[in-house]
1. Examine the stretch 142-149 for a residue that is more than 30 Å from LYS73 (Cα to Cα), out of contact with any Lys or Arg (no Cβ under 7 Å at 6 or more places or on another chain) and surrounded by 24 or more Cβ atoms within 10 Å (Cβ to Cβ), and state whether such a residue exists.
2. Pull up the stretch 100-117, narrow it to residues that are assigned to a helix (DSSP H, G or I) and among the aliphatic types (A, V, I, L, M), then point me to the one that is surrounded by the fewest Cβ atoms within 10 Å (Cβ to Cβ).
3. When you go through (1) in contact with a Ser or Thr (Cβ under 7 Å, 6 or more places away or on another chain); (2) assigned to a strand (DSSP E or B) one by one for ARG147, which number turns out not to apply?
4. Quick one: which of ALA251, ALA223, ALA233, ALA260 is touching a Phe, Trp or Tyr at 6+ places or on another chain (Cβ under 9 Å), of a type in the set (Gly, Ala, Ser), assigned to a loop (DSSP other than H, G, I, E, B) and modelled with pLDDT of 95 or more?
5. From the residues in the stretch 263-293 that are closer than 16 Å to ALA161 by Cβ and of a type in the set (A, V, I, L, M), which one is modelled with the lowest pLDDT?
6. Here are some residues: TYR230, TYR191. Which one is within 18 Å of ILE124 (Cα to Cα) and buried (at least 20 other Cβ atoms within 10 Å of the Cβ)?
7. Quick check on VAL97: is it in a helix (DSSP H, G or I) and closer than 24 Å to GLY183 by Cα?
8. For the stretch 180-220, give me each residue that is among the aliphatic types (A, V, I, L, M), over 19 Å from ARG256 (Cβ atoms) and part of a loop (DSSP other than H, G, I, E, B).
Amino acid sequence: MAISHDLYRPGAPDPQWLERMYNNRARVLDYGDYFARWTAASALARRGIACELDVIYGNGPREALDVFPAARKGAPLAVFVHGGYWKSMDKAEHSFVAAALHDLGAAVVVPNYGRCPQCGIAQITLQLVRATAWAWRHARDFNADPRRVVVMGHSAGAHAAAMLLACVWPVHDRALPARLVKGALGLSGIYDLEPLMNVPSLQEVLRITPRQALLASPARLSAPGRGCFYAVAGGQESGEFLRQNRLLQQAWGHERVPVAQAVAGLNHFSIVDALVKPGSRVHTLARQWLRSV
């Protein structure tokens, strides 16, 4: 059931302003350096730890995932969903995140998913529901405890993490537990899709309709009955991303979203680096989740 909160309303900001707010590659001019570093670090990670690549979890476009088994049985299971505005990026560029979470004792699954405009955001969300359900079913095959599932994601992946926490799993499959996902961590997420409808460079590809914005925006859905979401953004993000980071806490309440924090000195891409850096606030939150579930 959708509920109303203090959300963005079209008509006040103009498309050019929204473009400046949401075009992160224009805001962070050296974004290519981040991607090159992530790709190189991910190649090293896949050579350095055991993994099973390109495991099929469904029949849809790009429905494959990479699995990084835990070193010991009974480990927490972290599903990491990469960003890219639902139109770019790949799981292969994010194995370095899996390596960092593996070092914290977790088994890690990194799924791919379809891209807009071939797939809509709602369809992509359902793909990730299937990927997470697959991970739950097969958890013990890679030394994970299916009762200890946490989802983490960056940007569009943070949107997915919130949707997966709110998912009513038995509706998808009656064999699934209601609380399949115990908690989630979102990095620089988008929790209300409506503003993106007025961002020219995004809407051209995403093609979000008002109905899709209503049904696939976590901040426009009722809060999940259980579990917690940690929302973290870089302090150097645009005003809109900082607003989006606070939005889910305003919509779902402090009990469900106890953390809605902007971390000083981080931008939209360096926040992913912070996730893998021991001692950083973001890494600490990830460690806390994995130890508490």
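The values are calculated or read from the model by the stated rules, or taken from the named source; none is laboratory data. For clarity, every value in this text was computed on a predicted model and none was experimentally measured. Heads up, the Cβs are rebuilt from the backbone with ideal geometry, glycines too, and the neighbour counts pull from every protein chain shown.
1. There is no residue in the stretch 142-149 that is more than 30 Å from LYS73 (Cα to Cα), out of contact with any Lys or Arg (no Cβ under 7 Å at 6 or more places or on another chain) and surrounded by 24 or more Cβ atoms within 10 Å (Cβ to Cβ).
2. Among those that are assigned to a helix (DSSP H, G or I) and among the aliphatic types (A, V, I, L, M), it is ALA100.
3. Tallying (1) in contact with a Ser or Thr (Cβ under 7 Å, 6 or more places away or on another chain); (2) assigned to a strand (DSSP E or B), ARG147 fails exactly one: (1).
4. Answer to the check: ALA223.
5. Residue satisfying both the conditions and the ranking: VAL293.
6. Going through TYR230, TYR191 in turn, the sole match is TYR191.
7. So VAL97 passes the test.
8. Correct list: LEU193, VAL199, ILE208.
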